[in-house]
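Let me begin by presenting the structure, written as structure tokens, before commenting on it.
Each reported figure results from applying straightforward, stated rules to the coordinates on display, with no laboratory input. Keep in mind the model is a prediction, meaning the values are calculated, not measured. Cβ: placed from backbone, ideal geometry, glycine included. Neighbour counts: every protein chain shown.
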């Protein structure tokens, strides 16, 4: 009995243990199930990505809106702050005025600036679109639309200065409106400071506006004809280069590469030109029209390949018929052909074609150098004018604050001299009977290069009083050749000599001279001598000095031959030369 009783008691004691164990196992299984459905990575309390997103969104807001949100949170979170008792009390203020007055003034000033900055950035774009929509598309007047758009560009380029000046005026009006009735102790001083700020930005706006107009009109006046001519030359070469691609089945890029590639030197100059102009004008659309002739590389290689591709097989000349298939109309082809056919004889030989190509390339190089020099001069001009504008601002501010400025003397210096000359880099000019080449020009000094290779630095104020003959800008040039012959020379001999020279020009020099050679018996210089002058008309100017000297030497040798052939006696070996530039 005892043993049985013990066993029964043990069994009875183990039953609740088993139940507890089963209960614990069930609870563990439930925990496992809950753990499987729980995602620790998406716990809101520890989701750092969401916090970063919220933080980055707040930081992306403009500073003004961040301040507004922060102020709303602070004001709404503090019941006592709504009353503004502390901020409207004079015991807590500046210059016996509550802080609220000053905070309102600064808030209005701050908001006004950013609002004006936004408006003056957006309004020119809106007006520009409306102009092209209304005037350009509806009224179909593209010329007027482009002109109006050009005026809008002025405001776009001067946006910063217009914003500053307008803000300074509104800031002054705001100060008067808020503090005009209260008039704190520093009212007069702050008022003068506001007026001085208006003067600073107003004078700066006027200076930049005048410089903007000057830069645009100067480049239009100085380079419009040359740029237009170079653009025509570039388009002409572009159309004719199709003959190379057709005859050799190559691309334009291959032509450029094989002809020496892009001229890095002058491409870098072109880039510097735009950068220098941008510093002053932000953007000068009317100036940025530089041709790309130099991309064809070596002019000799390009000219040879272009001539060979245009000319018919086994032909050493190009005719109008060779140009027709590369142009849309016959008129365009004729105009292009006359560009190469300088003597108007209906054909273009290799030397003539080569000379024209070289002239185009040389003009492009000179044009790039000229624009580069002028952009540097305008930048220097901007610095000088800005310096004098600062002096003007200083004296105006001194006058505003009551400082005596009666001793101020107006200084008038000819700052525009460096940009007023009709000179470009590469021009051949004649000053005081001597000929020079323009190497570079600046705001104060122009550098010339003489025929002997010497460099002459001439101040611009000295050149203002000189008569300068620009040979490159001149048209076809006439030259007078004067000789002294015996007094008993008959008119028949003179006529025969003149006919001899005319026949020579028609036969051998038709590409260089006009055949309308005339002579004049000037006067009787002594009892045994008289002067005879021949007027020789060149078909080009004398910019290409070497070419001019060669053709004149040939003419002079032929003149000597004619004098000897017709038995005309010279009383003196001296011959005088005079030239007159005639522009068609």
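Mind listing P(r) for the range 477-581? All alpha-carbon pairs, 5 Å bins, whole percents.
Bins of 5 Å from zero give 2, 12, 24, 26, 18, 11, 5, 1, 0 percent of pairs.
Along the Cα→Cβ direction, 7 angstrom out, place labels at residue 466 and residue 304. What is the inter-label distance in nm?
My value for the distance between the label points is 4.1 nm.
State whether the range 428-523 is rounded, prolate or oblate according to the following rule on the C-alpha gyration tensor (a ≥ b ≥ c being the square roots of its eigenvalues): a/c under 1.5 gives rounded; otherwise a/b larger than b/c gives prolate, and the remaining case gives oblate.
prolate
Label residue 68 and residue 160 with points 7 Å out from Cα along Cα→Cβ: what is the distance between them in nm?
Rounded to a tenth, the inter-label distance reads 2.8 nm.
At a Förster radius of 22 Å, what calculated FRET efficiency corresponds to the Cβ-Cβ distance of residue 354 and residue 451, to the nearest 0.05?
0.35
Go ahead and run the numbers for FRET between residue 533 and residue 403, Cβ-Cβ distance against an R0 of 51 Å, rounding to 0.05.
0.10
Take 477, 571 and order them by how many other Cβ atoms sit within 10 Å, fewest up front.
571, 477
Using alpha carbon centroids, what distance separates the range 556-570 and the range 364-407, in Å?
That distance is 63 Å.
In nanometres, what is the gap between the two model label sites at residue 487 and residue 558, each 7 Å from Cα along Cα-to-Cβ?
My value for the distance between the label points is 3.3 nm.
Calculate, in nm to one decimal, what residue 189 and residue 103 gain on full extension: separation in residues at 0.36 nm each, minus their alpha carbon distance.
Length gained, residue 189 through residue 103: 29.1 nm.
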